[in-house]
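Trainee: Pasting a structure below so you can have a look.
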């Protein structure tokens, strides 16, 4: 029998040695980011995504093994465990198969079969089910089991009881259930019908039927929600005769005197016990599959959103739009410190709009504001128009960007926000958060529950524990990929660093408040509850710019400091050269002496050597700086300006199963259906594009009533189409899309513009 490591290696296409090493590292309490970054030699340079997949499967297989042992122990306690049954349980590959094998031995509630057994009819059932050549006619066989005292008054009563027992035995047969389960998965269909005549967003599913293998995840989730809300009635269909034929082939022995009786029992078992159970199981499997797909899509969308390039080093104005309570304004400096706040009312009338422009213009000039971040919620359209007028009034020099405000209200009303900004009300805190999202999206978004960020589909219908685990892992990976300044980071950000938690993160903040800025990484060991293990896990991801040791500014782990210093000496450098222009020759020098030779001389593996070289050349580098910069605008485009054939440049804001939503500079994002993304066949949009990608699109159609824009990315060489877009607004002229970005599904991009309700409605329809 294969070990868990061997099975995982086979599933993941990895070396069994590497897989076993990862298992050992996880069992020793190491975190995924630490393993991914600082133990590459042990796992063959798997990335964090592969490692988390391995961890998930490891947990499943271990739970499976635990359940195997529990089932064998339970059956053994009944003195019914045979060597054959034990072997079958050991070779079961899924929890469903284990439960099927356990089913005949599981304690059941009182059933019709139970009652029949109490009446002494089990021998009759076993006799007829065996269907031996000498099997008597069922009517004759039943004569010997008539017992009025037990409630068996007639032959019909005896045969009915025997039927009930046989039906339950067939239902509990693991091989039969496996055969029918696989048949249902291959040939089953999902059918949904309207429960009434009321119109709703679920109208596409009022008379809907689709083979189970072809069902898309968003369809399953939409149908589930429609059923839950009472608009749909849902069933799983399988041709009855097809299922019965498979069951009869497994059970019925032609020529037996009991053949017709067993056929009848098969029908009863199938209709009453087997199929209802398999239907429930199929619905559950479909939902689990759809949820897992949606969670993974959410995770793939969240990563580039968190890793979108920051707009660093600029004074920024944050605008939180609103009608009733006005537009909340906050100005922050390049470090995120609040400089000024106010509230303006541009939606109250023309006079108030001009007053708002004048007041904001004065604030911009007073604080030298360079960028404006506008939340994309209520009244964002009017606020965007005001911002454009404001920029024109100032004569330029200022640009703006629409920023997703998903979760901003959750943060502004949180205990964390109250602690951070006790002097501001909830609304002004939201404006500060919006401004900071532009400056450093990752640092700000980690303060918000990932579920509230709003990229994906049906996140509120997901298993919340699984969703939290997956999204928490994404946030952790992103934070550790970027690195964290230990002297400026918030407790929220520090809490996402490998090896740290909420308590140790708060202790770090408290320590630096009481003792001043950290001056070395080793100083972290003085923080309460940050022991050697926690230090090992977190040290490499924390930066200490105030340290005299240049390596404390880098992603080089303290355990590799001696190796880094040896490498510098070996190549004729000193610590003072790190980050200098001369250091650019280091990779060439290492290649000249041979990477394996250099790694051997300094006592590390080649992957670690390569990482050390990168850090020495660019100490404290931000991986986000290598990504395409966000699009900053100075003008606004109205949906009424759009027409078919117009070509535009936009930013991908969300990726779902059936397409991508692209911000093209109007209030409403446009939809590129999966069929319009590229000329080749793709199973999912994420194969071609990710959140934050800068893409060229063409308008296919505009529905002004529904505020929907249909786009295509299949531009090709159609010059005639380009002629149709000659007079598009100049403000939309941006650099061409980088097609290589399409392949970077795990890379890092930009925020989502729209709320969940809109996406959900689109998904449903």
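Each reported figure results from applying straightforward, stated rules to the coordinates on display, with no laboratory input. Quantities reported herein were computed from a predicted structural model and do not represent experimental measurements. Neighbour counts are summed over all protein chains in view; Cβ atoms, including those assigned to glycine, are modelled from backbone coordinates with ideal geometry.
Trainee: Say R0 is 56 Å: what FRET efficiency, to the nearest 0.05, do residue 99 and residue 595 get from their beta-carbon distance? Numbers along the way, then the final one.
Mentor: Values: r = 51 Å, r/R0 = 0.92.
It comes out at approximately 0.60.
Trainee: Neighbouring Cβ atoms within 10 Å as the yardstick, rank 55, 514, 384 fewest first.
Mentor: Final ranking by Cβ density, sparse to dense: 514, 55, 384.
Trainee: Quick one: of the DSSP bridges fully inside the chain, what percent are antiparallel, nearest 5? List each step's numbers first, then the result.
Mentor: On the way: 43 of 56 bridges.
DSSP beta bridges in the chain are roughly 75 percent antiparallel.
Trainee: Once R0 is set to 22 Å, what does the formula 1/(1 + (r/R0)^6) return for the Cβ-Cβ distance between residue 245 and residue 185, expressed as a FRET efficiency to the nearest 0.05?
Mentor: E(calc), rounded to 0.05, equals 0.85.
Trainee: Given contacts defined as C-alpha pairs under 8 Å and at least six residues apart, what's the relative contact order of the chain, whole-number percent?
Mentor: Relative contact order for the chain comes out at 11 percent.
Trainee: In nanometres, what is the gap between the two model label sites at residue 519 and residue 683, each 7 Å from Cα along Cα-to-Cβ?
Mentor: If labels sit at residue 519 and residue 683, their model points lie 5.7 nm apart.
Trainee: Taking 7 Å along the Cα-to-C-beta vector as the label spot, tell me the residue 366-residue 229 distance in nanometres, rounded to one decimal.
Mentor: In this crude spin-label approximation the distance works out to 4.7 nm.
Trainee: Here's another thing I want to ask about it. Of the listed values [x] 13, 37, 31, 14, 4, 0; [y] 14, 31, 19, 16, 15, 5, 0; [z] 16, 48, 29, 7, 0, grab the one calculated as P(r) over Cα pairs in 20 Å bins from 0, in percent from the structure here.
Mentor: Among [x] 13, 37, 31, 14, 4, 0; [y] 14, 31, 19, 16, 15, 5, 0; [z] 16, 48, 29, 7, 0, the one derived from this structure is [x].
Trainee: Once the piece of chain linking residue 17 and residue 280 is laid out straight, how much longer is it, given 0.36 nm per residue of separation minus the C-alpha distance between them?
Mentor: Computed gain between residue 17 and residue 280 is 90.7 nm.
Trainee: Which order do 571, 538, 678 fall in if you start with the one that has the fewest other Cβ atoms within 10 Å? Please report the intermediate quantities before stating the final value.
Mentor: Details: 571 20, 538 26, 678 17.
Fewest-to-most ranking of 571, 538, 678: 678, 571, 538.
Trainee: Moving to a separate point now. When the Cα centres of the range 129-171 and the range 333-394 are compared, how far apart do they sit, in Å?
Mentor: Here the two parts' Cα centres lie 85 Å apart.
Trainee: What is the order of 76, 241, 292, fewest Cβ neighbours within 10 Å to most? Working shown, then result.
Mentor: Numbers: 76 13, 241 8, 292 16.
Final ranking by Cβ density, sparse to dense: 241, 76, 292.
Trainee: Subtract the Cα-Cα distance of residue 146 and residue 617 from 0.36 nm times their separation in residues, and report this length gain in nm to one decimal.
Mentor: Working: separation 471, 0.36 × 471 = 169.56 nm, distance 9.21 nm.
Working it through step by step, the gained length comes to 160.3 nm.
Trainee: Also, I was wondering about something else. For the chain, what does -39500 (n - 2.57) per DSSP helix run (n ≥ 4), summed and divided by total residues, give at 222 nm, in deg cm²/dmol to the nearest 500?
Mentor: -14000 deg cm²/dmol
Trainee: Hey, rough spin-label estimate for residue 570 and residue 394, points 7 angstrom out along Cα→Cβ, what's it come to in nanometres?
Mentor: The two pseudo-label positions are separated by 5.2 nm.
Trainee: Can you work out the FRET efficiency for the pair residue 6 and residue 78, with r the C-beta to C-beta distance and R0 = 25 Å, to the nearest 0.05?
Mentor: The calculated FRET efficiency here is 0.20.
Trainee: Could you work out how much longer the chain between residue 426 and residue 133 gets when fully extended? Use 0.36 nm per residue separation minus the Cα distance between them, nm to one decimal.
Mentor: That works out to 97.1 nm of additional length.
Trainee: Here's another thing I want to ask about it. Which of rounded, prolate, oblate describes the range 384-447, given a ≥ b ≥ c as roots of the alpha-carbon gyration tensor eigenvalues and a/c under 1.5 marking rounded, otherwise prolate only if a/b is larger than b/c?
Mentor: Since a/c reaches 1.5 and a/b is larger than b/c, the shape of the range 384-447 is classed as prolate.
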